[in-house]
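The values are calculated or read from the model by the stated rules, or taken from the named source; none is laboratory data. Being a predicted model, the structure only gives us computed values, none of them experimental. Because the Cβ atoms are built from the backbone with ideal geometry, glycine has one as well, and the counts that use them run over all protein chains shown.
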Amino acid sequence: MNTDDDDHRLAECLSRYSRLFVLTGAGCSTASGLGDYRDEAGQWKRKQPITGQTFIGDELARKRYWARSFVGWPSFSKAQPGPAHKALQQLEEQNLIVTLVTQNVDQLHQKAGHKSVVDLHGRLSTVSCINCGFQQSRDDYQEHLYTANHWLSSLDADYAPDGDADLEIDDLSRLVVPPCPACDDLMKPDVVFFGENVGKSTVAECMDNLRSSDVLVVVGSSLMVYSGFRFCRDAQRRDQPIVIVNNGTTRADELAHLKIEGDCGQRLQRLSEALQNS
């Protein structure tokens, strides 16, 4: 496996620590065929994703979300772990990672065999009622969408991040969004939509784990969303080392003790091999 000077710098740096707190983002999942929202400069590649307020308060926007999600879900749900997920699982097996927090909602870390993962923004694999909390799998909800809207199966579109699809439909009046089977209220994916806040207990758990670790390692994230950037702010205030592996600019570049550019999957694979042989 070919290595370069940055691989050596990364391995040399992280070999000093035995308790890694790892924060991952969409860059870990692009090799699995899942898109990301931002380019290498940290700018939006596409329209800003739907907000939680819009999903709940705007019926037309909600119908558009479910139509696009119906098309995108089958491919999203079949995605398999890529090199970054597998390398991080190997680092966990080497007892180097004490906490892995992901901003992704795809559960690819779990599919790779990672034992302990905090899904900071939730999981797209389930949906819950906003009123009574009734929960069901996204696969089951897909079936309900199909039963109520057979015509959706004739649609096709390019896939977009987080189970979305680049689908535009002029008339959504006939789309039926299945309500909660328990109380007839709205069903919503179990994810933190753009503009919503991560639960306080989840943040507190992550912060406690960060403060008991040796180093913060950011992988495949631009950190443009505050829910991830906050960990860098906290580490920087306590002078805890921050190491970033990302293909492009991040919000925390000036805070990092070490910033490594390049494909995070390949970098992590070479890191895992180097640390295993050290």
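Quick check on the stretch 105-117. Is at least one of its residues within 21 Å of Phe21 (Cβ to Cβ), free of Cβ contacts under 8 Å to residues at least 40 places away in the same chain, of a type in the set (Asp, Glu) and assigned by TED's automatic domain parsing to the domain that holds Val225?
no
Regarding the stretch 84-91, can at least one residue be identified that is touching a residue at least 24 places away in the same chain (Cβ under 8 Å), within 22 Å of Ser221 (Cβ to Cβ), outside the structural domain of Leu145 (by TED's automatic domain parsing) and in contact with a strand residue (DSSP E or B) (Cβ under 6 Å, 6 or more places away or on another chain)?
yes
Determine whether the stretch 17-39 contains at least one residue that is small (Gly, Ala, Ser), in the same structural domain as His144 (by TED's automatic domain parsing), touching an Asp or Glu at 6+ places or on another chain (Cβ under 7 Å) and modelled with pLDDT under 95.
There is no residue in the stretch 17-39 that is small (Gly, Ala, Ser), in the same structural domain as His144 (by TED's automatic domain parsing), touching an Asp or Glu at 6+ places or on another chain (Cβ under 7 Å) and modelled with pLDDT under 95.
Give the stretch 65-97 a look and list any residue that's touching a Gly at 6+ places or on another chain (Cβ under 8 Å), among the aliphatic types (A, V, I, L, M) and either crowded, with 22+ Cβ neighbours inside 10 Å or closer than 15 Å to Asn149 by Cβ (or both), or say none.
Ala84, Ala87
How many residues are surrounded by 14 or more Cβ atoms within 10 Å (Cβ to Cβ) and at pLDDT 80 or above when one looks only at the stretch 156-178?
So the count comes out to 4.
So which of Ser221, Ser128 is assigned by TED's automatic domain parsing to the domain that holds Arg19 and in contact with a strand residue (DSSP E or B) (Cβ under 8 Å, 6 or more places away or on another chain)?
Exactly one residue qualifies, and that residue is Ser221.
Condition first: at pLDDT 95 or above and over 24 Å from His109 (Cα atoms). Can you find one or more residues in the stretch 133-142 that meet it?
The answer is yes, given that some residue of the stretch 133-142 is at pLDDT 95 or above and over 24 Å from His109 (Cα atoms).
Of all residues in the stretch 213-267, which are in contact with a helix residue (DSSP H, G or I) (Cβ under 7 Å, 6 or more places away or on another chain) and assigned to a helix (DSSP H, G or I)?
Phe231, Cys232, Asp234, Ala235, Gln236, Leu255, Cys264, Gly265, Gln266, Arg267
Looking for whichever is of a type outside the set (A, V, I, L, M), in a strand (DSSP E or B) and surrounded by fewer than 21 Cβ atoms within 10 Å (Cβ to Cβ) here; the options are Asp190, Asp185. Which one fits?
Of Asp190, Asp185, the one residue that is of a type outside the set (A, V, I, L, M), in a strand (DSSP E or B) and surrounded by fewer than 21 Cβ atoms within 10 Å (Cβ to Cβ) is Asp190.
So for the stretch 251-262 (the condition being at pLDDT 95 or above, surrounded by fewer than 17 Cβ atoms within 10 Å (Cβ to Cβ) and not acidic (Asp, Glu)), does at least one residue qualify?
yes
Considering only the stretch 105-129, how many residues are over 17 Å from Gly82 (Cα atoms), in contact with a Lys or Arg (Cβ under 8 Å, 6 or more places away or on another chain) and surrounded by fewer than 20 Cβ atoms within 10 Å (Cβ to Cβ)?
3
Being at pLDDT below 95, small (Gly, Ala, Ser) and either surrounded by fewer than 16 Cβ atoms within 10 Å (Cβ to Cβ) or on the phi > 0 side of the Ramachandran plot (or both) narrows it down to one of Gly220, Gly248, so name that one.
Result: Gly248 is the single residue among Gly220, Gly248 that is at pLDDT below 95, small (Gly, Ala, Ser) and either surrounded by fewer than 16 Cβ atoms within 10 Å (Cβ to Cβ) or on the phi > 0 side of the Ramachandran plot (or both).
Every residue, every condition in (1) more than 15 Å from His121 (Cβ to Cβ); (2) surrounded by fewer than 18 Cβ atoms within 10 Å (Cβ to Cβ); (3) over 19 Å from the mean Cα position of the chain (by Cα), yes or no:
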| residue | (1), (2), (3) |
| --- | --- |
| Met207 | yes, yes, no |
| Val225 | no, no, no |
| Gly228 | no, no, no |
| Ala235 | yes, no, yes |
| Ile242 | yes, no, yes |
